[in-house]
Amino acid sequence: MKFDWKRSFKFELEERRVLALDIGTWAVKVIQMDKDKGSYTVTAAGISEIAPSEGNNDERAMNTTRAIRECFDSTGIQTRMAVCGVSGPEVAVRYFKFPCLATEEIEGAVLLEAAQVCPFNVEDGAVDYQLISNGEDNVTGILVAATNKLIKRKTELVDNASLDCVLMDVDGLALLNCLSEYEKPKAGRATAILNVGSSFTTLAIVSDNGLPFVRDMAYAGEGIVEQIAMENDVSTETVRRVLSGDSAASQLELRDNLEKACEKLIVDVTETLRYYTTQEKSAVVEKIFVCGGFSLLEGFTELLDRRLPATTMLWNPFDKIRCEAGRSCKDMLAKRGPGLAVAAGLAMRTI
């Protein structure tokens, strides 16, 4: 199978305005930004909840498409060109280092590397890469890969909403792209982003050498909610209401189970950080910025700060990004901004 490298994830881009479309499990987020003199400004943003379905994939797809349309219509954005992101076990991000190679040999070497390191058959996926200069006599860069099945699912949702997915990004790289605009790691140190969504938790790390490390973990907000529900023999909907503060005071003791339910997440993140620091020339992670929809839960970031081996803090990228989309949009970004961090990174891409 011949791969069309530069059409897969499109690292090399022109300058055309797009909208960022982050399609989650429970909500859709849309953002559009302008860039002027190196500074970003939000010109439109919105969130639409996805109506629950009864385990029916077709109903789930219809509800998601409906939420995309509602979110797009609510923003008043004119362009229909969207950049989307993918994450999870069907996505891989790896950096590589080869001996000095001729230009025409690099693509073949990257494909062989992808076949060895990806947890899925790359012949059934899309692969792309970008070289990174390191001042040494070798070929260094990052490769990204995703299954065709995942990309097809995502693009079909966008197409059904009458939008055009012109660029597919990786959620972890979008997060690092956003972070790099406003936070620079110190020499010999690294910075991490922990995006805790409903279905997946993404840990993305970058040090001063510029090489990204991205790992998606399956235990996330939904798993935490299910664990608390099982421990207390209540429904997941009851737990969600309690954790969001929308329940009766007599049920607030469910919050006491939060740390126990987060134990697997804490172990997964700690082990991943330990693995990262053992890699060649990897720097020690100094800070962890927490974002994603589940990060908005009261006490969650404070719990992680107590348990994780680095200073951990809630991250709202819109604290440093100007908004010219009206008062309601500014209020939404101030309140729910950490949940739109992926969308912010996607909005910084152009085609």
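I'd like the residue in the stretch 257-281 that is of a type in the set (Lys, Arg) and over 21 Å from Glu298 (Cα atoms) and, out of all such residues, is farthest from the chain's Cα centre (by Cα). For the stretch 257-281, the residue satisfying everything is Lys281.
Residue pairs whose Cβ atoms lie under 7 Å apart, separated by 6 or more positions or on different chains, with the first residue in the stretch 231-245 and of a type in the set (A, V, I, L, M, F, W, C) and the second in a loop (DSSP other than H, G, I, E, B), are Leu243/Leu297.
Results for (1) of a type in the set (Val, Ile, Thr); (2) in contact with a Pro (Cβ under 8 Å, 6 or more places away or on another chain); (3) crowded, with 16+ Cβ neighbours inside 10 Å, shown as yes or no for each residue.
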{"position": "Asn57", "(1), (2), (3)": "no, no, no"}
{"position": "Val91", "(1), (2), (3)": "yes, no, yes"}
{"position": "Val110", "(1), (2), (3)": "yes, no, yes"}
{"position": "Glu123", "(1), (2), (3)": "no, no, no"}
{"position": "Ala126", "(1), (2), (3)": "no, no, yes"}
{"position": "Val144", "(1), (2), (3)": "yes, no, yes"}
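From the list Ala61, Ala114, Ala82, Ala92, the lone residue that is in contact (Cβ under 8 Å) with a residue 60 or more places away in the chain, closer than 25 Å to Leu176 by Cα and not aromatic (Phe, Trp, Tyr) is Ala82. Candidates are the residues of the stretch 191-206 that are among the small types (Gly, Ala, Ser) and crowded, with 23+ Cβ neighbours inside 10 Å; the one that is farthest from the chain's Cα centre (by Cα) is Ala192.
Note on the stretch 123-143: residues that are touching a helix residue (DSSP H, G or I) at 6+ places or on another chain (Cβ under 7 Å) and either modelled with pLDDT under 90 or part of a loop (DSSP other than H, G, I, E, B) (or both) amount to 1. Selection of the stretch 273-295 for residues being outside any loop (DSSP other than H, G, I, E, B) and surrounded by fewer than 19 Cβ atoms within 10 Å (Cβ to Cβ) yields Arg274, Tyr275, Thr277, Thr278, Val284, Glu286, Lys287. The residues of the stretch 296-329 that are surrounded by fewer than 17 Cβ atoms within 10 Å (Cβ to Cβ), part of a loop (DSSP other than H, G, I, E, B) and either on the phi > 0 side of the Ramachandran plot or in contact (Cβ under 8 Å) with a residue 40 or more places away in the chain (or both), listed by number, are Glu298, Gly299, Lys320, Glu324, Gly326. If a residue must be farther than 12 Å from Ile142 by Cα, of a type outside the set (A, V, I, L, M, F, W, C) and in contact with a strand residue (DSSP E or B) (Cβ under 7 Å, 6 or more places away or on another chain), how many such residues does the stretch 97-111 contain? Number of matching residues: 1. When Ile77 is tested against (1) closer than 26 Å to Gly125 by Cα; (2) in contact with a strand residue (DSSP E or B) (Cβ under 9 Å, 6 or more places away or on another chain), exactly one condition is not met: (1).
Sort out which residues of the stretch 211-232 are surrounded by fewer than 17 Cβ atoms within 10 Å (Cβ to Cβ) and more than 18 Å from the chain's Cα centre (by Cα), and write them in order of number. Within the stretch 211-232, Glu226, Met230, Glu231, Asn232 meet the criteria.
The values are calculated or read from the model by the stated rules, or taken from the named source; none is laboratory data. Remember, it's a predicted structure, so these values are computed and weren't measured experimentally. Neighbour counts run over all protein chains shown; Cβ positions are idealised from the backbone, glycine included.
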